[in-house]
Each structure stands twice: as C-alpha cells, then as structure tokens.
Amino acid sequence: MKDSANKIPQMWAMVTLGQGGYDQLQPQRMNIPKPNTNELLIKVLAAGMNNTEINTRLGWYSDSIKDGTNQLQEETQQESQREDGGWGNATPFPFIQGTDCCGMVIQSGSKKYDQLLNQRVILRPCMISQTQEGYTPWLGSDCNGAFAQYVKVPATEVFPIQTDWSDAELASIPCAYGTAENLLILSGLQKGQRIVITGASGGVGSAAVQLAKLRGCQVYGVCSSPKAQALEDLGAVAVSRERPILEQLDKESVDVVLDMVGGDAFPQLLDVLKRRGRYVSSGAIGGPIVQLDLRKLYLKDIQLLGATAWHEDVFPNLISYIEGGKIKPLVWKTLAMEDMVEAQREFLKKNHIGKMVLIPPDL
C-alpha cells in the first residue's frame with residue numbers, strides 16, 4: 001500500500017518488540033523491503049503458526065527456563081530480556097516473526113531469478129543455503145518473517161509448487177512437515193518398523209504421523225483422549241496421554257520414538273524402545289528438563305538424536321509429496337493476522353489438531 005503523505009511504499013506487519021507478554025505484539029506500518037541481488041520479494045498469502053513464535057516471545061529457549069511453554073506463558077509478563085532466549089543467536093528484537101509462508105513472487109533482485117516472478121511458492125524456513133560456521137538461520141527467528149504483507153528472502157529458499165491446495169493449506173506445511181521429515185530422515189525409520197510419536201495431534205506430530213505412514217510403518221500417536229479418533233483417521237494407533245505409556249505399549253516394542261514433548265513421560269519412552277532403538281527430538285513443549293537413567297541409554301545401545309537444521313533432501317521431498325498427492329494438509333482454523341494475540345491464546349489451549357494459519361490484511 002502507499003502512504004498518502006509521502007508516497008513511500010509501505011506495508012502492514014505484526015512486530016514482536018521483545019520478550020514478555022502479549023503486549024510485545026504490536027501492529028506497525030513500515031517500508032516494504034527491497035530485495036538485494038540474490039533475494040526475492042514475496043507477497044505473503046498465508047502464514048502458518050508454530051510453537052516457536054510463542055517460545056521466542058517468551059524467551060523460552062534460554063537455559064534458565066525449566067518449564068514447558070504453557071507454564072512459562074502463565075508466569076511471563078516481565079520485560080526482562082534473556083540474551084540466550086533465542087535459538088542460538090540473540091533474537092534480533094524488534095522484528096517480524098512468522099516461520100511458515102505461502103506467497104507470490106512479485107520482485108526479483110536479479111534478472112536471473114525473473115522466471116520465478118508471479119509464481120506461487122512456499123519458503124524453506126530453515127535457510128540451509130545461509131549456513132555459516134555451523135549455524136543455520138531460520139526465517140522469522142533470525143530475520144524478519146511472514147507475519148506481514150511482504151517478506152524478502154534468499155532466492156535459494158524459494159520453492160515453486162504446482163498444486164490445487166489453497167494458500168492456507170500450503171502455509172501449514174513448511175515448519176511442521178519439514179521438521180517431521182527431517183527427524184524421520186535422521187532416525188533412519190524403515191518400512192515395517194514401529195514408531196511412537198508424542199504430541200501427535202500437533203503440527204509436527206500430525207505431519208510425522210502421515211510421513212511415517214507414507215514410509216509403510218506402524219505408528220503409535222500419543223494424544224489427549226478427545227483427539228484419539230482424529231489421529232486414528234490418519235492411520236495411527238492412539239495412545240492416551242492421560243495414562244502411563246507402559247500401560248498401553250510393551251517394553252522394547254518400538255524401533256523409533258519421535259518426541260516433541262519431553263517432560264515427565266521421557267523415561268517411559270526409553271523403556272518402550274527396542275535395543276538399538278533411536279530417540280529423536282526437536283521440541284520439548286511439555287518441559288525441557290527430563291530424567292535420564294544412563295543405564296537405559298548404554299545397556300540398550302540407544303541413540304539419542306536431536307536436530308534443528310534440516311537435511312538438504314527435506315524440502316524437495318515435501319514438494320514431491322504434495323505434487324504427487326501423497327500427503328494432505330491439516331488446517332484446523334484460519335484467522336486474520338491482525339488477531340495475533342487471540343490466535344496465540346487459542347493456540348496455547350492445545351484444542352486444535354494440525355495447524356492454525358493466519359491471513360494478512362488486504363493490500
């Protein structure tokens with residue numbers, strides 16, 4: 001849009017000012033970013049919502065935090081800043097969050113990318129082409145993201161896609177399905193093996209259920225009882241979160257555990273792993289501090305694996321799954337991006353299955 005006074009092209013954006021409560025989320029108008037030589041300007045059509053946006057606002061990634069996301073949200077209204085509250089580098093407050101994006105390429109910083117103009121695309125949030133000294137930056141965590149009308153990104157992180165999915169459906173894919181695919185690649189999960197997925201009704205969990213089924217595996221999904229049927233509709237065997245896991249699964253009965261929750265259930269997850277089983281994680285919303293009996297680790301030859309940066313095959317795989325009709329989107333609800341506070345409040349209630357997606361205001 002244009003500012004009527006000075007004619008400078010401007011856009012609407014939801015800016016996260018710093019760590020703290022919902023008052024840190026403020027809508028602002030700012031200049032539309034101009035792409036550099038190796039960048040593209042994207043008109044945001046839809047932006048998915050993830051735990052990480054809330055965790056970053058709360059400073060949850062700090063070593064000083066011992067609680068899960070929900071417990072910290074109830075306590076956090078302070079304005080103190082935790083320097084280690086980001087993913088590894090200090091969070092560049094104030095900035096625009098938003099890790100998931102479906103958009104349209106509207107401007108190229110170089111003619112060599114002009115073939116992408118006017119194409120609908122999804123953005124790879126884990127910007128592996130920008131890795132330096134072992135650290136891989138993320139869209140919406142290390143730089144401005146998609147909670148705005150426009151975002152500029154490196155051209156190498158832009159992926160055209162041919163599908164009849166809606167903008168909101170495509171925006172549900174990048175972070176959740178990318179994280180799930182990356183963890184499954186890391187785990188070495190093979191056809192016919194058995195896997196337990198915690199937080200299985202959430203964005204990453206429900207994605208992992210589909211991707212594990214695609215690999216021909218037996219899937220056990222841990223979820224609350226009201227969500228059990230929806231999970232079984234995806235092809236998983238529902239495991240109740242309200243009951244001990246060892247009452248529902250035998251010891252040494254699964255090959256892989258994909259855990260996005262952590263917390264008190266962690267010891268039982270090692271119990272159900274077979275000898276030489278693999279435990280993989282990229283989240284700990286139920287609590288990052290767990291009890292580990294090292295004897296279970298070494299006597300059973302268990303591998304503990306964690307990951308944030310993605311394997312280079314992750315996003316090409318996802319594009320092929322979508323275009324080949326091998327997975328389906330799970331959009332629970334779409335909301336206006338202006339209603340960010342309401343969206344985050346509802347997100348934290350954990351009543352949803354799949355993803356919440358935000359739509360930016362009209363230009």
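Here are some notes:
To keep it simple, each residue is scored yes or no on (1) of a type in the set (Asp, Glu); (2) crowded, with 21+ Cβ neighbours inside 10 Å; (3) free of Cβ contacts under 8 Å to residues at least 60 places away in the same chain.
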site: PRO125; (1), (2), (3): no, yes, yes
site: SER141; (1), (2), (3): no, yes, no
site: LYS152; (1), (2), (3): no, no, no
site: THR156; (1), (2), (3): no, no, no
site: PHE159; (1), (2), (3): no, no, no
site: THR163; (1), (2), (3): no, no, no
site: PRO174; (1), (2), (3): no, yes, no
site: ILE185; (1), (2), (3): no, no, no
site: LEU189; (1), (2), (3): no, yes, no
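- Residue pairs meeting the criteria (Cβ under 7 Å; at least 6 apart or on separate chains; first in the same structural domain as THR69 (by TED's automatic domain parsing) and under 28 Å from CYS175 (Cα atoms), in region 283-302; second modelled with pLDDT of 95 or more and not in a strand (DSSP E or B)): none
- Here region 330-363 is the region considered, the condition is being aliphatic (A, V, I, L, M) and within 15 Å of the chain's Cα centre (by Cα), and the residue that is surrounded by the fewest Cβ atoms within 10 Å (Cβ to Cβ) is LEU348.
- Test: ALA180 is surrounded by 24 or more Cβ atoms within 10 Å (Cβ to Cβ), on the phi < 0 side of the Ramachandran plot, assigned to a helix (DSSP H, G or I) and not aromatic (Phe, Trp, Tyr): yes
- Flag if PHE159 is part of a loop (DSSP other than H, G, I, E, B), of a type in the set (Phe, Trp, Tyr) and in the same structural domain as GLN24 (by TED's automatic domain parsing): no
- Residue in region 201-211 that is under 21 Å from TRP310 (Cβ atoms), outside any helix (DSSP H, G or I) and small (Gly, Ala, Ser) present: yes
- Some residue of region 236-243 being among the β-branched types (Val, Ile, Thr), over 23 Å from ALA176 (Cβ atoms) and in the same structural domain as GLY205 (by TED's automatic domain parsing): no
- Only one of LEU348, LEU292, LEU358 that is at pLDDT below 95 and either in a strand (DSSP E or B) or out of contact with any strand residue (DSSP E or B) (no Cβ under 8 Å at 6 or more places or on another chain) (or both): LEU348
- Checked against (1) within 25 Å of THR91 (Cβ to Cβ); (2) assigned to a loop (DSSP other than H, G, I, E, B); (3) over 14 Å from the mean Cα position of the chain (by Cα); (4) not hydrophobic (A, V, I, L, M, F, W, C), ASP164 meets all criteria but (1).
- Counting residues in region 241-257 that are hydrophobic (A, V, I, L, M, F, W, C) and under 20 Å from LEU330 (Cβ atoms) gives zero.
- Residue pairs whose Cβ atoms lie under 9 Å apart, sitting 6 or more positions apart in sequence or on different chains, and linking a residue in region 247-263 that is more than 18 Å from SER281 (Cβ to Cβ) to a partner that is part of a loop (DSSP other than H, G, I, E, B) and not acidic (Asp, Glu), are GLU252/LYS300.
- Taken over region 295-321, the residue count meeting the criterion of being part of a loop (DSSP other than H, G, I, E, B) and either within 25 Å of ASP142 (Cβ to Cβ) or among the β-branched types (Val, Ile, Thr) (or both) is 8.
- Those residues of region 249-267 which are closer than 15 Å to ILE195 by Cβ and either out of contact with any strand residue (DSSP E or B) (no Cβ under 6 Å at 6 or more places or on another chain) or of a type outside the set (D, E, K, R) (or both), in sequence order: LEU249, ASP250, SER253, VAL254, VAL256, VAL257, LEU258, MET260, VAL261
The values are calculated or read from the model by the stated rules, or taken from the named source; none is laboratory data. As the structure is a prediction and not an experimental result, all values here were calculated from the model. Reconstructed Cβ throughout: ideal geometry from the backbone, glycine too, with neighbour counts over all protein chains shown.
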